[in-house]
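A.B. asks: Dropping a structure here in structure tokens format, bear with me for questions.
The values are calculated or read from the model by the stated rules, or taken from the named source; none is laboratory data. Since the model is a prediction, treat every value here as computed from it, not as a measurement. For neighbour counting, all protein chains shown are included, and Cβ atoms are generated from backbone atoms with ideal geometry for every residue, glycine included. The area values use the complete protein model at the heavy-atom level, side chains included, leaving out ligands, DNA and RNA. Shrake-Rupley method; radii C 1.70, N 1.55, O 1.52, S 1.80 Å.
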Amino acid sequence: MIPFFDYKRAYLDEKDQILKTIDNVASKGGFIMQTELNNFEKNLSKYVNSKFAIGVANATDALELAWSNFNLKQGDEVIISSHTMLATASAIKLAGGTPVPVDILDDGLIDPYSVEKAITSKTVGISPTHLNGRTCDMEKIMSIAKENSLVVVEDAAQALGSKFKGKNAGTFGYASCISFYPAKVLGCLGDGGALLVQDESLYDVFYQLHDHGRNDAGEAVIWGRNSRLDNIQAAILDFRLKEYSKVVKRRREIANIYQSRLEDIPEIILPPKPEENSVNFDVFQNYEIQTERRDELKIYLSENNIGSLIQWGGKAVHQCKNLGFDQVLPKTENYFKKCIMIPMNIFISDDNVHFISDTIQRFFKS
């Protein structure tokens, strides 16, 4: 069996080091906002070349904190990609605004032209999602934002280390989120996230917001909430961050194998291949392919003991009609009829990747 993601191995493969890390933190009683969290925030900031990073309970909280500070009013609209986790939209809604989903490009990322078309007198922001470890065209998006005086909050939950023109996802806008969910490229052993900020005054506000409105002296200065990355998870993440570049390199190697084995199958659309010195540097959080025979392929893979996943339960945000969306987005709707993710993680061997590729080839030959 080749599972889509082997959650047990996220612990077992590094069990000794993880237990040592937990024991080190727990033995001194340093559970909340201690040295390990401070170290991780500094090292994360350095890795992505961000001015500041704040460890929070999860990436959704990071987005909610960002939008809550922007003081959205009823009727304020924020443009998002419809190909994203529902949390991208809910963070805006819960902060008092209205998420407006727009269409995507062939690579599944937000279409800057669709963004421009969706701007109205009510538009106050853009929240692009850097999906599957690939950064959006942030040059165009930031240009649109500047021309229309819009704020940009990036959903970089899946994109730690991904770059556009040499600049890291999550460092373009007003603020951004990173996710450390266990299946992410950098994952912890539960929920976890980070808020990246480039302005010191904003950092001070977000720091207060995530810790009950208290400043670094412990004095309550504004109303806030509790969204702190616990110290044990921070210590585990800091340990894993040291090897993160090797993990990204391995995922790109796997993507290259898939590319070489599957590129000659005309019924499949592959994600952009990993390239050096190109506009995009992708970290391949996921490997999402498209085919008209998606549902048949998923069954066939399962019959051959290969796990796969259709992202977001097979629905784009605007297809969640119970939430009041009424957009018609042809490219996104077509994408969601065809998209399927095959195993992409450091637990699979080259032999696994070749077996998966052989199975996919066999399916289409049949």
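A.B. asks: Give the residues of segment 280-290 that are surrounded by fewer than 21 Cβ atoms within 10 Å (Cβ to Cβ) and either of a type in the set (K, R) or in contact (Cβ under 8 Å) with a residue 60 or more places away in the chain (or both), sorted by residue number.
C.D. replies: Selection gives N280 alone.
A.B. asks: Same structure, new question: Cβ-Cβ below 6 Å, separation at least six or inter-chain, first residue in segment 310-322 and assigned to a loop (DSSP other than H, G, I, E, B), second open to solvent by less than 70 Å² (accessible area, probe 1.4 Å): which pairs?
C.D. replies: Final answer for the pair search is I310/I340; A316/S82; A316/H83; A316/T332; A316/F336.
A.B. asks: Specify which of the listed residues (G313, G218) is open to solvent by 30 Å² or more (accessible area, probe 1.4 Å), under 23 Å from A183 (Cβ atoms) and among the small types (G, A, S).
C.D. replies: G313
A.B. asks: Anything in segment 277-309 that is within 24 Å of the chain's Cα centre (by Cα), part of a loop (DSSP other than H, G, I, E, B) and not small (G, A, S)? List them, or say none.
C.D. replies: N277, V279, D282, V283, F284, Q285, N286
A.B. asks: I'm checking my understanding of the structure. Among residues of segment 121-145 that are farther than 23 Å from G75 by Cβ, part of a helix (DSSP H, G or I) and free of Cβ contacts under 8 Å to residues at least 40 places away in the same chain, which one is nearest to the chain's Cα centre (by Cα)?
C.D. replies: M138
Residues checked against (1) modelled with pLDDT of 95 or more; (2) open to solvent by 40 Å² or more (accessible area, probe 1.4 Å):
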{"position": "R252", "(1), (2)": "yes, no"}
{"position": "A255", "(1), (2)": "yes, no"}
{"position": "I269", "(1), (2)": "yes, yes"}
{"position": "S278", "(1), (2)": "no, yes"}
{"position": "E292", "(1), (2)": "yes, yes"}
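A.B. asks: Another question, if that's okay. Would you call T60 at negative phi, touching a strand residue (DSSP E or B) at 6+ places or on another chain (Cβ under 8 Å) and open to solvent by less than 30 Å² (accessible area, probe 1.4 Å)?
C.D. replies: When the stated conditions are applied, T60 does not pass them.
A.B. asks: Within segment 14-24, can one find any residue that is within 30 Å of I141 (Cβ to Cβ), out of contact with any Pro (no Cβ under 8 Å at 6 or more places or on another chain) and open to solvent by less than 70 Å² (accessible area, probe 1.4 Å)?
C.D. replies: Checked segment 14-24: no residue is within 30 Å of I141 (Cβ to Cβ), out of contact with any Pro (no Cβ under 8 Å at 6 or more places or on another chain) and open to solvent by less than 70 Å² (accessible area, probe 1.4 Å).
A.B. asks: Here is a further query. Does segment 337-357 hold any residues that are without any contact (Cβ under 8 Å) to a residue 60 or more places away in the chain and surrounded by fewer than 16 Cβ atoms within 10 Å (Cβ to Cβ), and which are they?
C.D. replies: Once the filter is applied, which keeps residues that are without any contact (Cβ under 8 Å) to a residue 60 or more places away in the chain and surrounded by fewer than 16 Cβ atoms within 10 Å (Cβ to Cβ), segment 337-357 yields K337, S349, D351.
A.B. asks: Return the total of residues in segment 174-186 being modelled with pLDDT of 95 or more and open to solvent by 10 Å² or more (accessible area, probe 1.4 Å).
C.D. replies: Within segment 174-186, residues that are modelled with pLDDT of 95 or more and open to solvent by 10 Å² or more (accessible area, probe 1.4 Å) number 6.
A.B. asks: Here's a follow-up. Filter segment 68-83 for residues that are surrounded by 24 or more Cβ atoms within 10 Å (Cβ to Cβ) and more than 17 Å from the chain's Cα centre (by Cα); which is farthest from I141 (Cα to Cα)?
C.D. replies: The selected residue is V78.
A.B. asks: Within segment 340-366, which residues are outside any helix (DSSP H, G or I) and within 18 Å of P3 (Cα to Cα)?
C.D. replies: I340, M341, I342, P343, M344, N345, I346, F347, I348, S349
A.B. asks: Examine segment 226-234 for a residue that is crowded, with 17+ Cβ neighbours inside 10 Å, hydroxyl-bearing (S, T, Y) and in contact (Cβ under 8 Å) with a residue 60 or more places away in the chain, and state whether such a residue exists.
C.D. replies: yes
A.B. asks: Taking the criterion of being under 18 Å from F281 (Cα atoms) and of a type in the set (V, I, T), would at least one residue in segment 251-267 satisfy it?
C.D. replies: yes
Residues are listed down the side, and each one gets a yes or a no for (1) touching a strand residue (DSSP E or B) at 6+ places or on another chain (Cβ under 6 Å); (2) open to solvent by less than 10 Å² (accessible area, probe 1.4 Å); (3) of a type in the set (D, E, K, R):
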position	(1), (2), (3)
D103	no, no, yes
G125	yes, yes, no
M142	no, no, no
G170	yes, yes, no
E200	no, no, yes
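A.B. asks: Among the numbered conditions (1) closer than 22 Å to M138 by Cβ; (2) surrounded by fewer than 18 Cβ atoms within 10 Å (Cβ to Cβ); (3) touching a Cys at 6+ places or on another chain (Cβ under 9 Å), tell me where L86 comes up short.
C.D. replies: (1)
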